[in-house]
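Laboratory data are not the source of any read-out in this text; all were calculated from the coordinates shown. Because the structure is a prediction, the values reported are computed rather than measured. Using ideal geometry, Cβ is built from the backbone for each residue, glycine included, and neighbour counts are taken over all protein chains shown.
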Amino acid sequence: MTTLAGRRFSLAEARKTHTGVVILFLSTICPYSNYYNDLIRDMAAEFSKRNVLFVGVNSGGLETAEEMRTHAREHGHSFDLIRDADSRIADLLDASRTPEAFLLDSTGTLRYHGRIASKISSPDLKSAIEAFLAGRPIHPAETKAFGCAIPRKK
């Protein structure tokens with residue numbers, strides 16, 4: 001895979017060099033995804049200092065690479081972004097919504113899957129990463145992601 005910045009991205013390599021990898025399915029046009037832009041930016045910055053890599057994936061092909069780059073610049077997203085026009089990554093992880101988060105450990109085991117946070121400010125993804133880094137069980141390890149559907153070609 002290639003990031004929007006032109007770098008090669010390998011999940012296997014990322015897992016070897018990071019304690020955890022957060023894969024975020026995002027959209028430039030989904031209001032639910034955009035609601036969390038600042039929180040995502042801040043979490044990516046905070047947890048990168050603790051060796052957790054954030055990667056944004058835009059699936060479905062509705063948005064161009066340039067729209068993704070512009071959106072990332074406007075919202076301070078400095079993490080890698082991957083355009084998944086044919087939804088192969090979304091299919092692999094069974095992602096269906098934007099935003100939707102997946103936290104993988106260094107062995108590739110899924111440790112958390114679901115929403116970034118609820119509207120009542122429950123920091124679900126943040127709590128999951130904190131528990132993961134502290135070696136504690138993640139509760140809940142799965143939450144319902146709410147947002148816009150990732151379009152699939154029939």
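Structure summary
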item	result
Antiparallel DSSP beta bridges within region 11-149, as percent of all bridges there, nearest 5	50
Equivalent ellipsoid semi-axes, the chain, via Cα gyration tensor eigenvalues times 5, rooted, Å	22, 17, 15
Tally of Lys pairs whose C-alpha atoms are under 23 Å apart, taken over the chain, 8 or more apart or cross-chain	5
Per-selection Kirkwood Rh - region 110-154 (Cα, Å, 1 d.p.)	11.5
Computed [θ] at 222 nm, helices only, for the chain once each DSSP H run of length n ≥ 4 contributes -39500 (n - 2.57)	-9500 deg cm²/dmol
Cα Rg, Dmax (largest Cα-Cα span) when computed across region 68-133, Å	13.4, 34
Relative contact order computed over the chain (Cα-Cα under 8 Å; 6+ residues apart), in percent	27
Mean separation of Cα contacts under 8 Å, 6 or more apart, over the residue count of region 9-75: relative contact order %	42
Region 31-125: trypsin sites (Lys or Arg not before Pro) in DSSP coil with no more than 13 other Cβ atoms inside 10 Å	Lys49, Arg50, Lys119
